[in-house]
1. Working only within region 83-120, note down all residues that are touching a strand residue (DSSP E or B) at 6+ places or on another chain (Cβ under 6 Å) and part of a loop (DSSP other than H, G, I, E, B).
2. Applying the selection to region 155-179, what residues are assigned to a loop (DSSP other than H, G, I, E, B), on the phi < 0 side of the Ramachandran plot and of a type outside the set (V, I, T)?
3. For region 97-111, does any single residue satisfy the condition of being buried (at least 23 other Cβ atoms within 10 Å of the Cβ) and touching a Phe, Trp or Tyr at 6+ places or on another chain (Cβ under 9 Å)?
4. Let me spell it out: the conditions are (1) buried (at least 17 other Cβ atoms within 10 Å of the Cβ); (2) in a loop (DSSP other than H, G, I, E, B); (3) among the hydrophobic types (A, V, I, L, M, F, W, C); (4) modelled with pLDDT of 95 or more, and A241 meets all of them except one. Which number is the exception?
5. What are the pairs, 6+ residues apart or on separate chains, where a residue within region 254-277 that is at positive phi and without any contact (Cβ under 8 Å) to a residue 40 or more places away in the chain has its Cβ under 9 Å from a residue that is part of a loop (DSSP other than H, G, I, E, B) and of a type in the set (D, E, K, R)?
6. The conditions are (1) surrounded by 14 or more Cβ atoms within 10 Å (Cβ to Cβ); (2) over 27 Å from L380 (Cα atoms); (3) not aliphatic (A, V, I, L, M), and R255 fails exactly one of them. Which is it?
7. Tally time: how many residues in region 68-89 are farther than 18 Å from A29 by Cβ and either touching a residue at least 40 places away in the same chain (Cβ under 8 Å) or among the small types (G, A, S) (or both)?
8. Being part of a loop (DSSP other than H, G, I, E, B), farther than 18 Å from P468 by Cβ, out of contact with any Ser or Thr (no Cβ under 6 Å at 6 or more places or on another chain) and not small (G, A, S) is the filter here; which residues of region 6-59 pass it?
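The values are calculated or read from the model by the stated rules, or taken from the named source; none is laboratory data. Keep in mind that what you see is a predicted model, and the values were worked out from it rather than measured. Every residue, glycine as well, gets a Cβ built from its backbone with ideal geometry; the counts of neighbours run over all protein chains shown.
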Amino acid sequence: MTELFRLTACDAVRRLKAREVSPLEMIDAALARIAAVERHVNALPTVCAERARERAQALMAHWPADVPDHFLYGLPVAIKDMNDVAGVRTTYGSPLFADHVPTRSDYMVETLEAAGAIVLAKSNTPEFAAGANTFNDVFGATLNPWDTRMTCGGSSGGAAVALATGEVWLAPGSDHGGSLRIPASFCGVVGLRPSPGRVPRAPGALPFSPMSVQGPMARTVADLALLLDAQLGEPSGDALALPRPAVPFLAAATRPARPQRIAYAADLGVAPLDPEVRQLCDRAAAAFADMGIAVEPAHPDLGDVEEVFRVLRGQVFAAARGHLLEQRARIKPEVVWNIEEGLKLSGADIARAERAHAQIYRRAAEFFERYDLLLSAAVLTPPFPVEVRYLTELDGHKFPTYYSWLALSFAITLTHCPAISVPCGLTASGLPVGLQIVGPPRGDARVIAAAALYEATQPWSGMLPIAPRMGTLPIAPPPVGQAQPGARP
């Protein structure tokens with residue numbers, strides 16, 4: 001039973017369904033793995049073992065009479081610390097909520113638990129999920145298991161690390177500017193930003209905004225599709241919720257349809273790119289060509305994506321987090337900066353950005369009338385040292401904001417197209433790199449199928465879970481309370 005953590009989520013669910021193993025045994029296996037590796041990576045700072053056992057016992061005593069196809073049969077999962085779980089400490093990575101214990105779970109958690117998932121732990125996140133390096137003043141930094149001197153990415157960094165080290169089999173997260181795709185790339189797992197409305201969101205201040213979505217992360221594409229099917233729902237409180245598709249997403253992963261024509265642009269025409277990242281993505285694009293699929297150099301006209309994202313992101317932060325400025329001394333400077341940028345916007349600024357945003361969406365939709373998929377790098381760099389809060393430059397290119405280095409992911413956010421990061425190789429120093437596969441609007445199944453086809457040709461998923469490669473641990477954690485000297489937020 002000590003090796004249960006090595007199972008894929010699909011295999012684990014099959015064994016749970018056949019009663020070859022119980023949810024309690026799966027919980028014990030996960031807890032043993034957490035005990036073995038957590039002190040090295042800090043991915044799951046809050047564990048709710050007793051709650052998990054109580055839920056598992058209740059589930060075993062009363063199996064649903066009509067079990068849906070997407071039922072998880074008591075599989076333990078980790079929930080990002082941005083999502084409320086009833087009775088479990090939920091901090092949002094912020095000292096302002098260090099002792100917060102919600103009385104009700106959010107929609108996504110309720111949906112997963114109704115689908116037979118057992119919440120075992122909360123995964124670490126940057127404060128209010130702002131930033132792509134997972135650290136905060138409540139729990140500290142989460143470290144990359146491929147090299148614990150490096151960042152795991154973010155903001156769903158704890159989820160990615162928990163998967164890569166075998167602490168849990170499935171871990172959902174969220175994505176605004178790349179928060180599922182970036183840590184997936186940095187940790188060698190799979191992360192999907194689904195179409196807006198695909199996964200129900202928590203009740204919040206901005207129910208009509210499509211910028212931030214909930215989505216799945218897993219070790220394999222089939223496991224990711226399994227989790228996505230379990231996350232689906234149509235709660236009345238989610239204004240953007242899409243109906244459940246007639247065909248499960250797991251079918252797209254296990255019986256993938258082949259695309260006919262794929263576009264490839266490693267840098268999407270919007271960002272510099274690390275040479276090793278480009279080389280590995282070139283090789284991945286060639287793998288699709290080797291399948292007999294037409295691969296052509298092309299990308300949609302993304303316009304001035306950074307300016308549009310700056311305005312729309314600022315607008316979101318001002319609306320959802322503006323009240324936090326009353327306690328600005330207790331929140332990290334990047335959050336303060338985002339809010340203040342939003343509050344400085346004029347009506348004309350927002351109007352211009354909304355018009356440009358609409359043009360980006362229309363051009364992307366037209367692009368996918370010609371191409372089935374678009375390939376690019378998921379992140380423009382491999383993982384960097386964890387004590388660096390964010391990249392300020394790459395190969396002489398200076399980034400004007402703390403999120404500018406995330407252009408490859410936030411550019412796709414603005415198209416509202418589904419996008420997945422799937423492992424495509426390791427750098428010379430042994431760090432993971434992800435390939436981003438983008439599909440047409442609401443083309444989630446097409447993206448999952450392409451990722452499954454590619455994964456079948458590559459050995460990367462077989463390398464997980466891994467023991468943390470510690471080498472030399474960082475001398476000090478990232479400076480969580482203040483911005484890196486000389487760097488703009």
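1. Answer for region 83-120, where residues must be touching a strand residue (DSSP E or B) at 6+ places or on another chain (Cβ under 6 Å) and part of a loop (DSSP other than H, G, I, E, B): V85, R89, G93.
2. Correct list: S155, S156, E167, W169, A171, P172, H176, G177, S179.
3. No, that holds for no residue.
4. All conditions are met except number (4).
5. Close Cβ pairs satisfying both conditions: G269/D301.
6. Among (1) surrounded by 14 or more Cβ atoms within 10 Å (Cβ to Cβ); (2) over 27 Å from L380 (Cα atoms); (3) not aliphatic (A, V, I, L, M), the lone unmet condition for R255 is (1).
7. Going through region 68-89, the residues farther than 18 Å from A29 by Cβ turn out to be 68-71, 79-89.
Keeping just the survivors that are either touching a residue at least 40 places away in the same chain (Cβ under 8 Å) or among the small types (G, A, S) (or both) gives 68-71, 79-84, 86-89.
The number of residues fulfilling the criteria is 14.
8. Pass one, region 6-59, residues part of a loop (DSSP other than H, G, I, E, B): 7-8, 18-22, 42-45, 48.
Retained after the next criterion (residues that are farther than 18 Å from P468 by Cβ): 7-8, 18-22, 48.
So of that shortlist, the ones also out of contact with any Ser or Thr (no Cβ under 6 Å at 6 or more places or on another chain) come out as 7, 18-22, 48.
Residues satisfying the conditions are L7, R19, E20, V21, C48.
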